[in-house]
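A.B. asks: Sharing a structure with you now.
The values are calculated or read from the model by the stated rules, or taken from the named source; none is laboratory data. Just so it is clear, the model here is predicted, and its values are computed rather than measured. Cβ placement follows ideal geometry from the backbone for every residue including glycine, while neighbour counts extend to all protein chains displayed.
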Amino acid sequence: MLLLGLAPVLHGCAVAPDSDTGRHWTDTASRMKRESTLRAAWRGRPYQSLIDAFGSPRMIMTVPGYRVVRTDVVVYGATDKASNCIDAFTVIWPGGEDEVTVTDYFCR
């Protein structure tokens, strides 16, 4: 009896609303595919190439903590409607004459 009472609550955990569109996403396969594709495409590439391709980010957050090089998270928002990923990249600022580089991608 208790399990039947929890069914609506548990179902609500399986589907999360997208705050930008009001739609629901349940297709984790498309989200995982986008994440693996963009990780492979952008790791190690210059940050300027990312700006050229995606434009100016919506938000830039510095990762806190004591690090050898400055690390930021660059957030673009939901640029792909099929997966509803909120595109976010990590970039490092090595300093000197070294180029600012994309180190990872995350679909959130």
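A.B. asks: Could you tell me which residue of the stretch 83-108 is nearest to the chain's Cα centre (by Cα), considering only residues that are assigned to a loop (DSSP other than H, G, I, E, B) and farther than 18 Å from residue 53 by Cβ?
C.D. replies: Checked the stretch 83-108; the qualifying residue nearest to the chain's Cα centre (by Cα) is 108.
A.B. asks: Being loosely packed, with under 14 Cβ neighbours inside 10 Å and at pLDDT 95 or above is true for just one of 53, 14, 88, 82. Which residue is that?
C.D. replies: Criteria check complete, one pass: 53.
A.B. asks: Still on this structure: Would you point out the residue of the stretch 26-40, among those that are touching a residue at least 12 places away in the same chain (Cβ under 8 Å) and of a type in the set (A, V, I, L, M), that is nearest to residue 85 (Cα to Cα)?
C.D. replies: So the residue we want is 32.
A.B. asks: Does residue 76 satisfy the criteria of being under 15 Å from residue 57 (Cβ atoms), in contact with a helix residue (DSSP H, G or I) (Cβ under 7 Å, 6 or more places away or on another chain), in contact (Cβ under 8 Å) with a residue 60 or more places away in the chain and surrounded by 15 or more Cβ atoms within 10 Å (Cβ to Cβ)?
C.D. replies: For residue 76, the condition - under 15 Å from residue 57 (Cβ atoms), in contact with a helix residue (DSSP H, G or I) (Cβ under 7 Å, 6 or more places away or on another chain), in contact (Cβ under 8 Å) with a residue 60 or more places away in the chain and surrounded by 15 or more Cβ atoms within 10 Å (Cβ to Cβ) - is not met.
A.B. asks: Checking residue 47 against (1) loosely packed, with under 14 Cβ neighbours inside 10 Å; (2) among the hydroxyl-bearing types (Ser, Thr, Tyr); (3) modelled with pLDDT of 85 or more, which single condition isn't satisfied?
C.D. replies: (1)
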